[in-house]
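The values are calculated or read from the model by the stated rules, or taken from the named source; none is laboratory data. In this text the structure is predicted, and so the values were computed from the model without any measurement. Glycine also receives a Cβ, built like all others from the backbone with ideal geometry; neighbour counts cover every protein chain displayed. Note: accessible area is taken over every heavy atom of the protein model, side chains too, but ligands, DNA and RNA are not part of it. Shrake-Rupley method; radii C 1.70, N 1.55, O 1.52, S 1.80 Å.
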Amino acid sequence: MSQVTLHSGTPIKIAILAMGGQGGGVLADWIVEMAETAGWWAQTTSVPGVAQRTGATIYYVELLPEAAAHAAGRPPVLAMMPTPGDVDLVVAAELMEAGRAMQRGLVTPDRTTLIASTHRSYAVAEKAAPGNGIADPNKVLDAGREAAKRMLCFDLQQMAERAGSMISASLFGAIAGAGVLPFARDAFEATIRHGGVGVEASLKAFALGFDAATQAPAAPARIDTSRPLPAVPANAAHPRVQALLDTVKQFPQAAQPLLVAGLRRLIDYQDVAYAEDYLRTLQGFRALDAKAGGDARDWALTQAAARYIAVAMSYDDVIRVADLKTRGSRFERVRSEVGAKSDQLVYTTEFMHPRLEEICGTLPLRLGRWLENSKTLGSFIRRRVEHGRRVKTGTLTWFVGLYCIAGLRRFRRGTLRHAIEMAHIDDWLARATRIVATDYALGVEVLACRRLIKGYSGTHDRGDRRFARLMQAADELLGQPNAAATLKSLREAALADEEGKALDAQLAQLLRAHPTPPAGGRARIDTPRVAA
Amino acid sequence: MAERSFAKEVEQLRLPAGSEFRGEGILAVTKALLQSGVGYVAGYQGSPISHLMDVLADAKEILDELGVHFEASASEATAAATLAASVMYPIRGAVTWKSTVGTNVASDALANLASGGVTGGALVIIGEDYGEGSSIMQERSHAFAMKSQMWLLDPRPNLESIVKAVEDGFELSEASSTPVMLEMRIRSCHVHGRFITRENCRPAFSLAEALENPRRDTSRIVLPPASFAHEHEKVRDRWPAAVRFIRERKLNEFFDGDDAHADLGLILQGGLYNGVIRALQLLGLADAFGNSRIPLYVMNVTYPVIDDEVLAFCKDKRAVLLLEEGQPDYIEQNLNTILRRAGVTTTLCGKDVLPMAGEYTTQVMRDGIEAFLTTHAPRALESSAAVPAQAPAAVPVTFHPRIRDLTAVVPPRPAGFCTGCPERPIFAAMKLAQADLGEHHISCDIGCHLFSILPPFNLGATTMGYGLGAASSSAFNVKSGKRSISVMGDGGFWHNGLTSGIANAAFNKNDGVIVIVDNFYSSATGGQDIPSSRADNPDRATKHPIEAAIRGAGVKWVRTIDRTYDVARLRDTLEEALTTSTDGPKVIIAQSECMLNKQRRVKPLFNKAVKAGERVVKERFGVDPDVCSGDHACIRLSGCPSLSVKDSGDPLKEDPVAHVDNTCVGCGNCGEVAEAAVLCPSFYRADIIHNPTAADRIKARVRGAVIGWLQRRRAARLARHAL
């Protein structure tokens, strides 16, 4: 009986996951060229299609020694696409693409080396969320530790940038450094040289990737996603600021860093006196917290108050914007951000759109109110003033103009806007104070809802409306089990999408569960107020 | 000017006979055309065969030397009609396009061509955009081959087989007077491989000779009674001629297996061959060189099916498995008919063990073959010792809880507008106009602008085909409080939109709004020139304004906006179009150059100017993190890849702030959007002056002195109170 002779020789299988514009094709071509030069049979395929425009795509490479083909007497038949469970090397040019490779089953514990760049290129869904939509990178690392035979993770994008090259070069270096392909470093570098474009920079990026891979730990370390809080300084130069600092140090440890951040923000925003008002309010909350048993709850109420009252007191207004835009530190930051060299000049143009509300808000209380209500003058100003303005901050006229607006800071407490903001804050803090007496956690959540209010015009109005709905919901939830958790999930829903669909859906569900709002007991407690 | 230049690669087209060619599938096809003595080539670009058009455009010199005429057709219909040159004259012609969409457009001409038949070889190279990465509806080109009776080649996906298929295709076409379709799957187009070349040939009969000695034969024209004769001719003469040629030239391939498995067999489309071999390898039944224990019948010609070959293969077999990708299962039905008519009792498996629909990936085929063997020859699966298969894990790793958890974090990454794309502001303006005037019905079209359907824009309800954006609003020509909005690209406009959309709307007095996105190129397919392109193209007539064509078609209300980044103006114009009392279609032409092409054009010039010491200004955008509110409304109105988010660096600001990275090209969209939508004033444009003049420097010094003094004054106050 005749039997077909099966020849030995199994190709090396490599999948490269990249996004359009990352040079995944270049990397695949380099591998092919290097292999062919070394006497291998190499095949690469891809499905660029619509992926050429920022979408994700896979480049697939198979390599087989020509000697094996000679022994078999015929050219190899190589696959056109990766098969789950049958890939030796997976290269991901971005962290979530490594996740995608695992989801597709391309990474297997018995044989796959996974090389991934830890940098993130956020997807539209992550960027567009009104709150924080960024996915947890550690989930990918956690999965990689289980799925890959070996996982190498480092920021190859940053290495490429440092070398003035593209990520394809640092990835190529990491592949070489990982020692997963049967080619020496020289062969890799010769391939880059042969390409002839940007050779020096590419070789530099290659070397960085190579070194990182050779020194890579057995398993990648967790990515630190925590947000550091400021350290509490030992002392301050100015006596009044030192007094503030002394007061801060009497607060529970847990709240001190946030208080420092709050004080810094408010001194920067207004002046020392304003920061003193803030700290007085916080002392009130601290007392309230102690009474409500905050000691056992890591002073959550004081912490939330420290954060959100500082944010609320430093509301965005014209004065603040003018101040931030004209600072010397900002001029420096822009220069470094755009990578300007010392012999280059940099001028910025701001895109501003003043509205009647902002003008009224900056006027003294009564005058602002009058103008706001004046139909004829109001609409006249609207017509004349409300349009986009290109403000050239680096020119003398514009700079001095903005500088003067920033100087209005000293009159801020007398403005209409300030009165509105303070009334809003008082109302909010009164609610939190009232609620915390019955339901500590719910009171903390009420403070945290302040996160919804941000921005200007439509954005601000939208946040304001949602905040109001949550405050109403807080009143209705008072006395119910899990009230705080419910409010928290409502707050998250409010930040999930622009149209507020998630929030509407959750509120509707809540209404079905509790058709009538319970009559909450209303204890009389003195609200710590922000001094006017 | 196309996006990618093949100037270097086309040199391979000159390789002398007997050399080894190494490169991409598409380039190999071009070489094969030249080796076949093709007289003319035409086509319409589209993935995956855009590069074939680009290669041909870049190979002009070589084509001229050989006397080959190349044309970038106005549409696939034009390309197909071009093959008319091979009806009367012994000239070989090839056309190419993306299938099935292009074949749809071309099918009128193809049907006429196939009816009368051809004298010179006529080859239709179709880029099959099916499966992963496809941008179109999932259909089979097979149906077109069957309905018009054209032969369909689906060669094994290696360059040698593909090149041979091109050469065989012309001969088959001539031997059977029938046009031949060559199916190039998406991965075959981009596969890197090798083959041994033959010498390029000049066409045996030239187009000029044809023009100088015109011929006509009314029996070849689709007119009664000739058209009735054609149908009989197809069955009586052309089909048998094709079958004879395919058998004699052994276009289909038989591969023997082990005697032990001689009673089994796999029948497969040539294009699936590599995947089938890998699947068999994973089952321990083949090696990496195509040696298979199970006999194979590889159909490099998938239409017509050669009855005798099928019967010969199936005769002594208990069971065969057909691997046929896509639905309906035309080949399986055909095989069943053949076997039943011949009274052959071999069991035919196919879509019963393989999925009816969807791409036949290696894994799908592995599972299908395994299911087939489990039923019909379970022992075959045991004999896998010679080549150890990768034993699959008992529970696939994808079921691991940590990997399943990834669904919550790995975001979808659909294609989107490029950095600086001039189409983005158009849809930002449309979003703003809808915020003012309410939601409208929006008909979309094919092209980059179709990305408006995806986040963050979420605009558009339908897409009916290339250039058919305006046409698909035709029914909404009734009195109503709101008008329909249609979108069309300049590519679609010249492809057929001028007549099917604009002229139709003017003729039928449609009251809707049509937005024409004019970015100077056919951008989605790789930046090829079209009649309204602004480029100086020595081989084509360009710079024909769309507005003139629209006015010629009878549209009265036309607004041309020559800078799409002016979001406020676009929004206002859209609102005017949606509310004006003027009758008839309202057409807005929104013009700005495709940023990909612009950057490729402008960047080298800029760098050269910098090097030469000239004063040049580079613009880019940025966000002041302390001013940014972290609401990301700007991103929801933009979606620019260079506009991202990052940690605020402020302990009190929890949400990430917007951030413009170094890939920014300074198009200005984010600033304009922030202004038009009244978002926060955190955006700035930075003008970086390279090689400033003496005047620049003096001015900067004066400004710096005053501004610096004021800044230090204010910083001192803050420093005094520093904590």
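Quick notes on this one:
- Highest to lowest packing among B:6-14, B:362-370, scored as the average C-beta count within 10 Å: B:362-370, B:6-14
- Helix axis angle, B:239-248 relative to chain B longest principal axis, alpha carbon, degrees: 80
- Note on the stretch B:620-687: with charges restricted to the Cβ of Lys and Arg (+1) and Asp and Glu (-1), its dipole about the Cα centre is near 220 debye.
- Length available on full extension from B:Leu381 to B:Leu223: 0.36 nm per residue minus the Cα-Cα distance, which gives 51.1 nm.
- A:Lys204 accessible area, assembled protein chains, probe 1.4 Å, Å²: 120
- Computed from point charges on the beta carbon alone (+1 for Lys and Arg, -1 for Asp and Glu), the dipole magnitude for the protein assembly as shown about its Cα centre is near 5380 Debye.
- Overall, the accessible surface of the stretch A:216-337 at a probe of 1.4 angstrom is composed of carbon and sulfur to the extent of 53 percent.
- Rough spin-label spacing in nm, given labels placed 7 Å along Cα→Cβ, for A:Arg382 and B:Lys482: 2.5
- Per-residue packing, averaged as other Cβ atoms within 10 Å, sorts the ranges B:442-451, B:345-354, A:348-357 into the order B:442-451, A:348-357, B:345-354, beginning with the highest.
- Relative to one another, the C-alpha centroids of the stretch B:399-462 and the stretch A:194-214 are positioned 36 Å apart.
- Ranking A:Asp29, B:Asp307, B:Asp518, A:Asp271 from most to least accessible surface, computed with a 1.4 Å probe over the protein chains only, gives A:Asp29, B:Asp307, A:Asp271, B:Asp518.
- Protein accessible area in the stretch B:194-328, 1.4 Å probe - carbon and sulfur %: 54
- Once all protein chains are placed together, B:Thr407 keeps about 100 Å² accessible to a 1.4 angstrom probe.
- Amide proton proximity set for B:Leu152, modelled H, under 5 Å, gap of 5+: B:Met181, B:Thr302, B:Tyr303
- Burial of 40 Å² or greater, the stretch B:396-420 residues [accessible area, probe 1.4 Å, versus chain by itself]: B:Val397, B:Thr398, B:Arg402, B:Ile403, B:Leu406, B:Val409, B:Val410, B:Pro411, B:Arg413, B:Ala415
- Over the residues of chain B, the helix contribution to mean residue ellipticity at 222 nm works out to -10000 deg cm²/dmol, using -39500 (n - 2.57) for each DSSP H run of at least 4.
- Average partner coverage of B:283-293, which counts Cβ from other chains inside 10 Å: 6
- Per-residue average of Cβ from other chains inside 10 Å of A:445-455: 2
- Computed from Cα positions, the angle between helix B:25-35 and the longest principal axis of chain B comes to roughly 60 degrees.
- Computed label-point distance, nm, for sites A:Leu371 and A:Ala430 using a 7 Å Cα→Cβ extension: 2.9
- Solvent-free Debye calculation, one equal scatterer per alpha-carbon of the stretch B:1-128: log10 I(q)/I(0) at 0.17, 0.18, 0.19 Å⁻¹ equals -0.84, -0.94, -1.03.
- Each of A:Leu203, A:Val124, A:Ile192 was scored by the projection of its Cα onto the charge dipole of chain A, and the greatest displacement toward the positive side belongs to A:Val124; charges sit on the C-beta of Lys, Arg, Asp and Glu.
- Net charge of neighbours whose Cβ lies under 11 Å from the Cβ of A:Thr302, counting Lys and Arg as +1 and Asp and Glu as -1: 0
- Rounded to 10°, Cα long-axis angle of helix A:256-269 versus longest principal axis of chain A: 70
- Rounded to whole numbers, the Karplus 3J(HN,Hα) couplings from phi for the stretch A:115-128 are 10, 9, 7, 7, 5, 10, 10, 5, 6, 3, 4, 6, 7, 7 Hz, using 6.51 cos²θ - 1.76 cosθ + 1.60 with θ = phi - 60°, and x at Gly and Pro.
- Taken as Cα centroids, the stretch B:492-522 and the stretch A:392-431 sit 51 Å apart, rounded to the nearest whole angstrom.
- Shielded by partner chains, the stretch A:208-254 residues - at least 20 Å² of accessible area, 1.4 Å probe, vs chain alone: A:Arg227, A:His238, A:Val241
- On the beta carbon distance between B:Arg249 and B:Phe399, with R0 = 60 Å, the FRET formula returns roughly 0.75.
- For the residue pairs B:Lys556/B:Lys603; B:Lys147/B:Lys479; A:Lys325/B:Lys482; B:Lys431/B:Lys509; B:Lys60/B:Lys98, the C-alpha atoms sit more than 31 angstrom apart in B:Lys556/B:Lys603; B:Lys147/B:Lys479; A:Lys325/B:Lys482.
- The relative contact order of chain B comes to 10 percent, based on Cα pairs under 8 Å that sit 6 or more residues apart.
- Positive minus negative residues near B:Ala17 (Lys, Arg vs Asp, Glu; Cβ under 14 Å): 0
- Chain A - mean residue ellipticity at 222 nm from DSSP helices (-39,500 (n - 2.57) per run, n ≥ 4, rounded to 500): -16500 deg cm²/dmol
- A:Tyr122 - accessible surface, heavy atoms, 1.4 Å probe, Å² rounded to 10: 50
- Look at the stretch A:130-141: the mean tally of other chain Cβ atoms within 10 Å of its residues' Cβ atoms is 5.
- The Cα center of the stretch B:612-660 and the Cα center of the stretch A:481-503 differ in position by 27 Å.
- Charge dipole of chain B about the Cα centre (unit charges at C-beta), most positive-ward option of B:Pro155, B:Ala428, B:Thr463: B:Ala428
- Solvent exposure of the protein assembly as shown as accessible area per residue, Å², 1.4 Å probe: 39
- Each eigenvalue of the Cα gyration tensor of the protein assembly as shown, multiplied by 5 and square-rooted, gives one semi-axis; in descending order these are 62, 37, 30 Å.
- With 50 Å² as the minimum drop in accessible area between chain alone and full protein complex (1.4 Å probe), the qualifying residues in the stretch B:230-266 are B:Asp259.
- What a 1.4 Å probe finds exposed on the stretch A:74-141 is 51% carbon and sulfur by accessible area, rounded to a whole percent.
- Burial ranking of peptide ranges B:708-719, B:118-129, B:323-334 (average Cβ count within 10 Å, highest at the top): B:118-129, B:323-334, B:708-719
- Buried area at the B-A interface (accessible, heavy atoms, 1.4 Å probe, summed, Å²): 12300
- Förster radius 25 Å - calculated FRET efficiency between A:Ala468 and A:Ala508, Cβ distance, rounded to 0.05: 0.90
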